[in-house]
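The structure appears below as structure tokens.
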Amino acid sequence: MLIENQELTMSHVGLGNLNEYALLLLFGNAHSHHLTDGTGFRPDQMADHQGLILYPAYFMTHLKVPSDQPLDQYRLWDEVSVGVDISRFGETILESDYLFGPKGAVSSDKSEWDRGRFPSMKANSLIVVDVTQTEGSTRKVSAPKAECIAELSKLAKPPYALMRSKKIRTDAFGMKPGNLKTADPVSYRVPVDQDAAPGHAMVFAKFSKIMDAAEFEWMTRRSKPGFPLSIARHLFLLERETYYYGNCFADEELDIYMTGHIEECDPDFHGESLGMISVAKISYQIEVYMKRNHTLLAISKVDKLLAVPTSSQDHIPDYKRVIRSL
């Protein structure tokens, strides 16, 4: 178990509030620190017996955010706590639990974690040779030297995500097409030195940003007559379950496909707060492919809430009109 207390700075949220991408990076950063905690090694010094630098590559993340506790309530300069607990199966497979909340809200006893009150995540990763040490983007699994990795609790059986990952790759999430569907893929080119550092593959959290960019493209330009651009401010993540099957480098072109549905919900879906009005629940499956060879890189099942502040409720008729026309 590792708990990190820190301040949300401009490096996390810019001049705004917490978002999914920043939270994923906070979780990933704590995960890397936990792996080498007490060893005297930095995360980028974890090596195998050949001296190759290793990296914990996620193959599954499952993030949940309570509907009455949106991420954007955490603001610049807030003090927060990030908790992570990692277990190990064999030499190279990891399972991890995370919790995020105000400073002091994350207990050192995981049985006391309140996942219904604070954002939480479960994840699995493989310890692989860092892509800078190998040619190509294929993951090469390798075991770290004992002195380079912290003592972790042992799992008695393989993580469930191993089997589920194979099923998702074959069958996806089984989501039937609804009123949200891309007839043609949304294209995205990975910006040089923005989504991926020179010589490095794209960090896992960028997939959520790319998926959100495709979501915005569909809602505002592909749907007819199209949602108002203000929808970007009124969408709140509830859940994202993602499986990662590959990665890419800067300047790669991606194709993104979506299918799912959006339907109106009760005005109090988000809870008792009178400061918000819930409008619709959005559920969809989204797949990211390498355009040049049609390789599946990642697939997610996403649930979001469309809700507006009471002070902006004049947007609601416009949203409902578009939803009912789909």
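The values are calculated or read from the model by the stated rules, or taken from the named source; none is laboratory data. Because the structure is a prediction, the values reported are computed rather than measured. Every residue, glycine as well, gets a Cβ built from its backbone with ideal geometry; the counts of neighbours run over all protein chains shown. With ligands, DNA and RNA removed, areas are computed over all heavy atoms of the protein, side chains included. Shrake-Rupley method; radii C 1.70, N 1.55, O 1.52, S 1.80 Å.
Each residue in region 274-320 was checked for being outside any strand (DSSP E or B) and surrounded by 13 or more Cβ atoms within 10 Å (Cβ to Cβ), and 8 pass. The single residue among 208, 187 that is more than 26 Å from residue 321 (Cα to Cα) and open to solvent by 30 Å² or more (accessible area, probe 1.4 Å) turns out to be 187.
Of all the listed residues (127, 149), the sole one being in the same structural domain as residue 96 (by the TED database), over 29 Å from residue 292 (Cβ atoms) and of a type in the set (Val, Ile, Thr) is 149. Scanning region 211-254 for residues that are touching a Gly at 6+ places or on another chain (Cβ under 9 Å) and assigned to a helix (DSSP H, G or I), we see that the one that is most open to solvent (accessible area, probe 1.4 Å) is 220.
Scanning region 138-173 for residues that are in a loop (DSSP other than H, G, I, E, B) and farther than 30 Å from residue 39 by Cβ yields 172, 173. Criterion applied to 5, 29 was being at pLDDT 95 or above, over 21 Å from residue 204 (Cβ atoms) and either crowded, with 17+ Cβ neighbours inside 10 Å or in the same structural domain as residue 127 (by the TED database) (or both), and the one residue passing it is 5.
In region 46-65, how many residues are open to solvent by 20 Å² or more (accessible area, probe 1.4 Å) and under 25 Å from the mean Cα position of the chain (by Cα)? Looking only at that region, the number is 4.
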